[in-house]
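For reference, the structure is listed below as structure tokens.
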Amino acid sequence: MTSPYLDTLLFIDGRWRPGSGGETIAVHDPATGSQIGTVAKAGRPDLEEALAAAARGFESWRRTSPFERAALMRKAADNLRAAAHDVAHRMTLEQGKPLAQSRMETLAGADIIDWFAGEAPRAYGQTIPSRAPDVVQMTMKVPVGPVAAFTPWNFPINQAVRKVSAALAAGCSVILKAPEETPASPAMLVRAFVEAGLPPGVISLVFGDPAKISNHLIPHPVVQKISFTGSTQVGKQLASLAGLHMKRMTMELGGHAPVIVAGDADLETAVKTMVAAKFRNAGQICVAPTRFLVQDDIAGDFIEAFASQARSLRIGSGLDPDVEMGPLANHRRVLALEGLVQDAVSHGAKLVTGGRRIGNAGNFFEPTVLADVPVGARIMNEEPFGPVAIVNRFTTLDEAIREANRLRVGLASFGFTQSSAVATRLANEVAAGMMSINHYGLALPEVPFGGIGDSGYGTEGGSEALDGYFDTRFVTRRG
Ligand code: NAD
């Protein structure tokens, strides 16, 4: 039995409740376009209450031993696993991705909580040899303070769980502004922590007008750290506001991942791995492979095999267990993709397959392959954030690396080759936060996750992820 989709409330100071103004925002099923529920809208008094609670929550949580924090987080991970069936169902209803992907995201979320729980007691400082025999010098890692976290709709659990788990493991309290389009699944994540016994104020969950909320929270003296995942454009606005108030930041922004397929690559592996990566979550992934650069001699075969596998994907409602690709999460993406494909074709790109919306109900879009796309086309410069692959050819590796590095975004990148010399060049010379060679190996809890340039800064995975939530305090003592 699956429980029904429920309206989502705010969670402030240990209580689920509507917004003080009584306003709500409609939530829609992207597969049908019909309204499935509502989410409560926070106003200024709600935010003020969340801020006061976060300040109190921080005072108690920072004093809770890291071992206790870890134990509670592990309970939350177990709660999330136990609820995975219901969470996945609600996530698919509100976001559209196939049930199996929603379930995988939820279970991966539990693994992320467990991993950060394990890191909590390992936040080691250093002792530093001193110049005087009676002086002891050391560093301590102290939690930075209450965190404001802003997360998007493409991975309603995953984007939130990375921020919340790192903050809680470090001893910070957190106000999570989760996505209004997909509110029920992050609410279930918060519920998993609450039911594990997290004290009031340590976590709050708010929804509403994103710009009003960020404009209120970021400058507020209680908030010491901002973490945002979303578009580069919004990230830059929030980063400048945070900079104005000298607040710490982690920014996980857009990408436009290059995939360099050398002539000696195992073509079958490259195509199979990249079709799965490209069309997962209907391409709405910041690390989705986007600009395929394929060496001349195999480009024709690559395009044919890639397009044929793309055409064979089963598309439909994510609730149907046979479906491999669901709808786009919102109508804005359909319009954006139509515009990008038309623009590419008008610049002379070849539309190999797809390119159109499917039907009139819901936000379905065909898996699309564009080939030989000129660099002046918008899609070569803007993140498509949808099921569109661009395949262009290259002759020399220098040329491919130059094209990979042409954009200022640098999040994920991929390479396929059987030559260790080529693999070494890709690892050394492609300017990106992440490079995955001959397989898809990104986004595990224990490995770094983050970008450079316009893709942002800070990592949301691996042992360095906690550093974003700590200040380093130096203590020196004589005697
Ligand atoms: P958008 O730029 O309006 O919003 C992106 C996210 O930021 C949303 O979750 C939104 O609620 C939030 N947001 C927007 N304005 C904000 C503000 N002033 N303060 C705080 N939060 C704010 O775009 P969109 O139409 O939702 O998505 C389109 C683009 O966003 C995509 O093309 C993609 O590039 C990017 N995006 C990236 C990720 C990612 O994982 N990096 C996730 C979702 C969207």
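The values are calculated or read from the model by the stated rules, or taken from the named source; none is laboratory data. Everything numeric here is computed off the predicted structure, so don't read it as measured data. Note: ideal-geometry Cβ built from the backbone for every residue, glycine included; neighbour counts use all protein chains shown.
Given the options GLU49, GLU68, GLU105, GLU119, name the one that is of a type in the set (Asp, Glu) and touching a Leu at 6+ places or on another chain (Cβ under 8 Å).
GLU119
With buried (at least 24 other Cβ atoms within 10 Å of the Cβ), in contact with a Lys or Arg (Cβ under 7 Å, 6 or more places away or on another chain) and small (Gly, Ala, Ser) as the only criterion, which of ALA169, ALA196 stands out? Please lay out each step first, then the result.
On the way: ALA196 fails: buried (at least 24 other Cβ atoms within 10 Å of the Cβ).
Answer to the check: ALA169.
Can VAL294 be described as assigned to a loop (DSSP other than H, G, I, E, B), β-branched (Val, Ile, Thr), surrounded by 21 or more Cβ atoms within 10 Å (Cβ to Cβ) and not assigned by TED's automatic domain parsing to the domain that holds THR92? Talk me through it step by step, then tell me what you get.
On the way: assigned to a loop (DSSP other than H, G, I, E, B): no; β-branched (Val, Ile, Thr): yes; surrounded by 21 or more Cβ atoms within 10 Å (Cβ to Cβ): yes; not assigned by TED's automatic domain parsing to the domain that holds THR92: yes.
Taking the combined requirement at face value, the residue does not satisfy it.
Quick one: which of SER227, SER240, SER231, SER312 is more than 23 Å from LEU426 (Cβ to Cβ) and away from the ligand (no atom under 15 Å from the Cβ)? Give the derivation first.
Details: SER227 fails: away from the ligand (no atom under 15 Å from the Cβ); SER240 fails: away from the ligand (no atom under 15 Å from the Cβ); SER231 fails: away from the ligand (no atom under 15 Å from the Cβ).
None of the other options fit; the residue is SER312.
Which strands (runs of 3 or more DSSP E) sit wholly inside segment 299-409 and have at least 2 residues that are within 23 Å of the chain's Cα centre (by Cα) and crowded, with 22+ Cβ neighbours inside 10 Å? Don't jump to the end; show me each part of the working.
Details: elements: 350-353, 368-371, 388-394.
By residue number, 388-394.
How many residues, within segment 263-280, are within 12 Å of PRO367 (Cα to Cα) and either surrounded by fewer than 20 Cβ atoms within 10 Å (Cβ to Cβ) or touching a helix residue (DSSP H, G or I) at 6+ places or on another chain (Cβ under 6 Å) (or both)? Spell out the reasoning first.
Just the residues of segment 263-280 that are within 12 Å of PRO367 (Cα to Cα), to begin with: 275-276, 278-280.
Keeping just the survivors that are either surrounded by fewer than 20 Cβ atoms within 10 Å (Cβ to Cβ) or touching a helix residue (DSSP H, G or I) at 6+ places or on another chain (Cβ under 6 Å) (or both) gives 275-276, 280.
Residues flagged as within 12 Å of PRO367 (Cα to Cα) and either surrounded by fewer than 20 Cβ atoms within 10 Å (Cβ to Cβ) or touching a helix residue (DSSP H, G or I) at 6+ places or on another chain (Cβ under 6 Å) (or both) within segment 263-280 amount to 3.
Quick one: which strands (runs of 3 or more DSSP E) sit completely within segment 157-237 and have at least 3 residues that are among the hydrophobic types (A, V, I, L, M, F, W, C) and over 15 Å from the mean Cα position of the chain (by Cα)? Spell out the reasoning first.
On the way: elements: 174-177, 203-206, 225-229.
Correct list: 203-206.
Show the residue pairs that are 6+ apart or on different chains and have beta-carbon atoms under 7 Å apart, the first residue being within segment 243-262 and under 23 Å from PHE416 (Cβ atoms), the second being within 12 Å of the ligand (Cβ to nearest atom) and part of a strand (DSSP E or B).
Within 7 Å, the pairs are GLY255/VAL409; GLY255/ALA412; HIS256/THR290; HIS256/VAL409; ALA257/THR290; ALA257/ALA412.
Is one or more of the residues making up segment 57-71 at pLDDT 95 or above, in a helix (DSSP H, G or I) and farther than 18 Å from CYS172 by Cβ? Steps first, please.
Let us first name the residues in segment 57-71 that are at pLDDT 95 or above, namely 57-71.
With the extra rule that they be in a helix (DSSP H, G or I), the set shrinks to 57-61, 66-71.
Subset that is farther than 18 Å from CYS172 by Cβ: none.
Among the residues of segment 57-71, not one is at pLDDT 95 or above, in a helix (DSSP H, G or I) and farther than 18 Å from CYS172 by Cβ, which makes the answer no.
Inside segment 327-354, can you point out the residues that are small (Gly, Ala, Ser) and out of contact with any Phe, Trp or Tyr (no Cβ under 8 Å at 6 or more places or on another chain)? Talk me through it step by step, then tell me what you get.
Step one: filter segment 327-354 for residues small (Gly, Ala, Ser), giving 329, 336, 339, 344, 346, 348-349, 354.
Passing the criteria: GLY339, ALA344, SER346, GLY348, ALA349.
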